[in-house]
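Asks: One structure coming up, written as structure tokens, with questions to follow.
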Amino acid sequence: MRQFHHPLPFGAQLLPNGETRFRLWAPDAKRVAVVLGAGEPLELSTAQDGWFERTAPVGAGTQYRFRIDDEIDVPDPAARFAPEGLAGPNEIIDPNAFSWDETEWRGLPWHRAVLYELHVGTFTPEGTYAAIVPRLPELAALGINMIELLPLATFPGSRGWGYDGVLPFAPHPAYGRPEDLKRLIQAAHAAGIGVVLDVVYNHFGPEGNYLHRYASPFFTDRYHTPWGAAINFEGEAGRHVRDFFIQNALYWLNEYRFDGLRLDAIHAITDASPTHFVDELAAAIEAGPARERQVHLILENHDNLAARLRPTGEGRLSKAQWNDDFHHVVHVLLTGEHDGYYASYAQHPQEQLARVLAEGFAYQGEPYGESREPRGERSHELAVTAFIDFLQNHDQIGNRAFGDRLATLASEEQLTAGLALLLLSPHVPMLFMGEEYGARQPFLYFCDYEGELAAAVTNGRRAEFAGFKAFAAEEARERIPDPNSLAAFERSCLRWEERNDEPHRARMAITRELLRIRAEHVVPRIASIEPGTAERKVSGSVVWVRWPVSDGALELEANLGDRACDRVVHSQNKLLYSTASAPNDRQLAAWEVRLSIA
């Protein structure tokens, strides 16, 4: 048995003598006190640079809040738990009270990863960490070896996606207590499954955040985000902010034993410092937990900055990016949609898909969108594992007006073609919960706000779609589900019993077989793929990509059209898999995808 504890230089920190040190950065406050339970407030001493601190003879389980200038009680931004949510007090947690029985787990090599994105609240009927544990063996048997959890930072209400969190160190109480989350991670590791956490370092949610009141330098008006005030990572004040989030990342990795982090929308983190915050964070992880085990840093970055994905240092840190380009171009090919950002992938989708598979990004500095501004950097010299491909995720489903899954937009043969492209490419694949069996119920945008904010979110959500032809009329927009309704949440919950019924059972069998083929024939060869060596060809609806490997070459061929077509390259390679029931040596059937080894 082992204990894992990441000491924090702020918040409520238990000391070896059983007391607790309270420390808060509040440069705008004149006085700060800690309120312990229903007791009298204890005033904190003023330290340098806006810090207030005090040690008190209290231990684990004690509830507390900070009181600012005798005017307002606020939560601890570094609280380890808020058992009643944002409206209640925080709780002092003893990390050493949980004993881990894992001693051999050193993480999962990144080239073996098959990710599975899930939302804790809708993954099971119970919506808890504990309820996920019995499902882990089924995921492992399917071929899933890494789950990626949507953000857990405590957010307003009891239901939401998690991207409006305001207590980054406190796992959301609706899902269980901190020890329940640790049991989930421990059980996942025992099943051979790594766990990645989605974290948000570009903004705080609009409700329950009091940093503006006592630590306004945490934010800046030099930059803006679509979701609220921009975080300040620059200058003297920015040093405190950078430390806050770097400690948060190390806390999740060290104290909870997460195997990696997914950084949400880093293109919205504007930082003109000599070293960008994201690069400093990566260096801190590499110098810390990645020295002893495999750790993965996953970026969401619309800017397609290849430089941020290059390996650095000598630790076990893997860096990769959610590859929106793969999703967008395959979505266009499978559904024919070309509204919004899909318009940038609708002119030559086969050529763009071939480039994505061979080089990573479709946009590597070319003009993009209506602005025609250059987007991206050359990515052909990056490893194939720098790119995480997916057909669906929470954003691409949930940000549709009705939360449509791909299973409702494409035919069965198109779905199979898309899944084969995803799972047979040497890029790192990611499935969204339910995709493995072709779930058809929506995954809607849902939240749990009240009053004027709830109305503003509902109206704003519907206004977002006013520019789409289908929602030009107000009555059409009113049919868009209300995010604050309980029904929006309930409709998004997985129905596990569907897995036993057709066509879901057949879809599960296809997913299982593709993951078996990947594990047997693709994964063992990934490490031998040299960056910049892939070849690609396109002819009409047919895409062909070839990756030289140690024992020959992997070739992926796909006919992404409704008619049979001649193959681009006629070879006598060994066929490893085909989505067609009777593959033809000279032709590809409609929507056929095949993998072979030269």
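None of the figures in this text is laboratory data; all of them are computed from the coordinates on show. Predicted, not measured: the structure shown is a model, and the values here were computed from it. A quick note on method: Cβ atoms are made from the backbone with ideal geometry, for glycine too, and the neighbour counts reach across all protein chains shown.
Asks: Hey, could you get me the Stokes-Einstein D for the range 114-216, Kirkwood radius over alpha-carbon pairs, 25 °C and 0.890 mPa s, rounded to whole µm² s⁻¹?
Replies: 171
Asks: Using amide H atoms built in the peptide plane, which far-off residues or other-chain residues are under 5 Å from Asp28 H to H?
Replies: It is Ala215, Ser216, by chain and number.
Asks: If you don't mind, another one. With θ set to phi - 60° and the Karplus curve 6.51 cos²θ - 1.76 cosθ + 1.60, what are the ³J(HN,Hα) couplings of the range 428-435 in order, to the nearest whole Hz, using x for Gly and Pro?
Replies: So the J values, rounded to whole Hz, are 7, x, 9, 9, 9, 3, x, 5.
Asks: If you fit an axis through the alpha-carbon atoms of helix 178-190 and take the longest principal axis of the Cα set of the chain, what angle between them do you get, 0 to 90°, nearest 10?
Replies: Roughly 30 degrees between the two axes.
Asks: Would you mind checking the tilt of helix 235-255 against the longest principal axis of the Cα atoms of the chain, expressed as 0 to 90 degrees and rounded to 10?
Replies: The answer is roughly 70 degrees.
Asks: With unit charges on the beta carbons (Lys and Arg positive, Asp and Glu negative) and the dipole taken about the Cα centre of the chain, which residue among Ile510, Thr154, Ser371 sits farthest to the positive side?
Replies: The Cα lying farthest towards the positive end belongs to Ile510.
Asks: What's the exposure ranking of Val58, Val428, going from fewest to most Cβ atoms within 10 Å?
Replies: Fewest to most other Cβ atoms nearby, the residues stand as Val58, Val428.
Asks: Kirkwood Rh, Cα Rg: Rg to Rh for the chain?
Replies: So for the chain, dividing Rg by the Kirkwood Rh gives 0.98.
Asks: Check which residues have an amide H placed less than 5 Å from Asn484's amide H, if you skip close sequence neighbours.
Replies: Cys447
Asks: Can you tell me how much longer the chain between Glu236 and Asn17 gets when fully stretched, taken as 0.36 nm per residue apart minus their C-alpha distance, in nm with one decimal?
Replies: Gain on extension, Glu236 to Asn17, equals 75.5 nm.
Asks: Continuing with this model, one more query. Could you give the size of the charge dipole of the chain about its Cα centre, using +1 on the Cβ of each K and R and -1 on the Cβ of each D and E, expressed in debye and rounded to the nearest 20?
Replies: 1220
Asks: For the range 79-150 and the range 534-568, what is the centre-to-centre distance using only Cα atoms, to the nearest Å?
Replies: Distance between centres, Cα-based: 39 Å.
Asks: Assign one of three labels to the range 183-258, namely rounded, prolate or oblate, based on the Cα gyration tensor with a ≥ b ≥ c the square roots of its eigenvalues; rounded applies when a/c is under 1.5, prolate when it is not and a/b is larger than b/c, and oblate otherwise.
Replies: Because a/c hits 1.5 or more and a/b exceeds b/c, the range 183-258 counts as prolate.
Asks: Restricting to DSSP H runs of at least four residues, report the calculated mean residue ellipticity at 222 nm for the chain, -39500 (n - 2.57) per run over all residues, nearest 500 deg cm²/dmol.
Replies: Only helices count here, giving -7000 deg cm²/dmol.
Asks: Moving on to the next point. Any idea what diffusion coefficient the range 11-97 gets from Stokes-Einstein, in µm²/s, Kirkwood Rh on alpha carbon pairs, 20 °C, 1.002 mPa s?
Replies: 166
Asks: Right, next: Name the lysines eligible as straight-distance cross-link partners of Lys537: C-alpha to C-alpha under 22 Å, and not fewer than 8 places from it in the same chain.
Replies: Output for Lys537: Lys574.
Asks: Using modelled amide H (1.01 Å from N, peptide plane; none on Pro or chain starts), what sits under 5 Å from the amide H of Met146, excluding residues fewer than 5 places away?
Replies: Val114, Tyr116, Gly194
Asks: So what are the ³J(HN,Hα) numbers for the range 279-294, from phi and the Karplus equation (6.51, -1.76, 1.60; θ = phi - 60°), rounded to whole Hz, Gly and Pro as x?
Replies: 5, 5, 4, 4, 5, 5, 5, 5, 7, x, x, 6, 7, 10, 7, 5
Asks: Got a sec? Charge dipole of the range 11-97, +1 on Cβ for Lys and Arg, -1 for Asp and Glu; which of Leu44, Ala33, Ala97 is way out at the positive end?
Replies: Farthest along the dipole direction, towards plus: Ala97.
Asks: Along the range 460-469, what does the Karplus equation 6.51 cos²θ - 1.76 cosθ + 1.60 (θ = phi - 60°) give for ³J(HN,Hα), rounded to whole Hz, x for Gly and Pro?
Replies: Coupling constants for the range 460-469: x, 4, 6, 5, 4, 9, 4, x, 8, 3 Hz.
Asks: So how strong a dipole does the range 11-97 carry about its Cα centre when Lys and Arg Cβ are +1 and Asp and Glu Cβ are -1, to the nearest 20 debye?
Replies: It comes to approximately 180 debye.
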